[in-house]
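The values are calculated or read from the model by the stated rules, or taken from the named source; none is laboratory data. This structure is a prediction, so every number in the text was calculated from the model and none was measured. No Cβ is skipped: glycine too gets one built from the backbone with ideal geometry, and neighbour counts run over all protein chains shown.
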Amino acid sequence: MRYSPEEMLRRGREFFELVDSRRSVRFFSEEPVPRECIDLAVMAANTAPSGAHQQPWKFVVIGDADTKARIRDAAEVEERQNYEGGRLTPEWREALAPLETTSDKGYLEVAPWLVVCFAEKYGVRPDGTRVKHYYVNESVGIACGLFITALHSMGLSTLTHTPNPMAFLSDICARPGNERPYILFPVGYAAGDAEVPDIVRKPLDLARINWAFSS
């Protein structure tokens with residue numbers, strides 16, 4: 001598909017305005033979200049390019065209250081080690097300070113959906129032998145970016161929650177040993193009184209480098 005220069009710029013500006021309005025949210029409404037919205041976002045993520053087109057991702061969609069409560073409890077055990085147990089370095093604490101995050105992850109029960117992206121470290125053939133996967137982190141990262149953007153385009157909010165360590169997600173979600181948890185996404189509508197950090201994004205002249213070659 002090819003557009004005129006004017007149409008390219010118009011579409012580019014509209015897309016930038018859309019994604020520039022995205023913010024990570026830690027305060028969610030309990031208002032239900034149609035399951036089809038989550039499926040559409042996963043379908044969008046599934047269009048991502050991947051190493052050797054191996055698509056090394058799985059998205060586990062969780063909507064039941066009991067599982068969400070188990071995930072919150074397990075996540076907070078790890079987060080208390082981070083925040084109260086001294087596992088965070090001083091530099092890490094300083095970086096997190098403007099976000100005012102704590103070990104309380106109540107939003108994991110409030111958001112109507114939790115979606116856990118798992119990265120496949122390797123594939124498994126029907127006979128049990130392994131298939132090497134290439135560029136797993138890069139591939140799964142791109143897919144997650146598309147997932148986030150798709151949610152935002154539908155007016156939904158999310159957060160890239162990465163409790164460390166995350167092995168409890170493999171246990172709760174009953175995932176096989178060739179998969180590792182990559183990102184935990186709470187998904188829903190932002191609460192009416194939600195607060196988001198007052199962030200400033202890197203300007204273009206710091207994000208882009210012009211490189212000119214001379215003969």
- Any residue at all in the stretch 43-60 that is of a type outside the set (Gly, Ala, Ser), closer than 13 Å to Leu114 by Cα and part of a loop (DSSP other than H, G, I, E, B)? no
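Out of everything in the stretch 65-112 that is acidic (Asp, Glu) and buried (at least 16 other Cβ atoms within 10 Å of the Cβ), what residue ends up being nearest to Phe185 (Cα to Cα)? Can you show your working first?
First pass over the stretch 65-112, keeping only residues acidic (Asp, Glu): 66, 73, 76, 78-79, 84, 91, 94, 100, 104, 109.
Narrowing the set further to residues that are buried (at least 16 other Cβ atoms within 10 Å of the Cβ) leaves 76, 78-79, 109.
On the way: Glu76: 15, Glu78: 17, Glu79: 16, Glu109: 12 Å.
Looking at the filtered set, the residue picked out is Glu109.
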- Failed condition for Tyr182, given (1) crowded, with 16+ Cβ neighbours inside 10 Å; (2) modelled with pLDDT under 95, with all others met? (2)
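When you look at Ala194, is it of a type in the set (Gly, Ala, Ser), surrounded by 12 or more Cβ atoms within 10 Å (Cβ to Cβ) and at pLDDT below 95, yes or no? Give the derivation first.
On the way: of a type in the set (Gly, Ala, Ser): yes; surrounded by 12 or more Cβ atoms within 10 Å (Cβ to Cβ): yes; at pLDDT below 95: yes.
Yes, satisfied.
Would you call Ala150 small (Gly, Ala, Ser) and surrounded by 10 or more Cβ atoms within 10 Å (Cβ to Cβ)? Give the derivation first.
Values: small (Gly, Ala, Ser): yes; surrounded by 10 or more Cβ atoms within 10 Å (Cβ to Cβ): yes.
For Ala150, the condition - small (Gly, Ala, Ser) and surrounded by 10 or more Cβ atoms within 10 Å (Cβ to Cβ) - is met.
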- Message: Name the single residue that is modelled with the lowest pLDDT among those in the stretch 94-112 being charged (D, E, K, R) and within 26 Å of Asp39 (Cβ to Cβ).
- Response: Lys105
- The one condition Glu79 fails out of (1) within 21 Å of Leu156 (Cα to Cα); (2) touching a residue at least 24 places away in the same chain (Cβ under 8 Å) is (1)
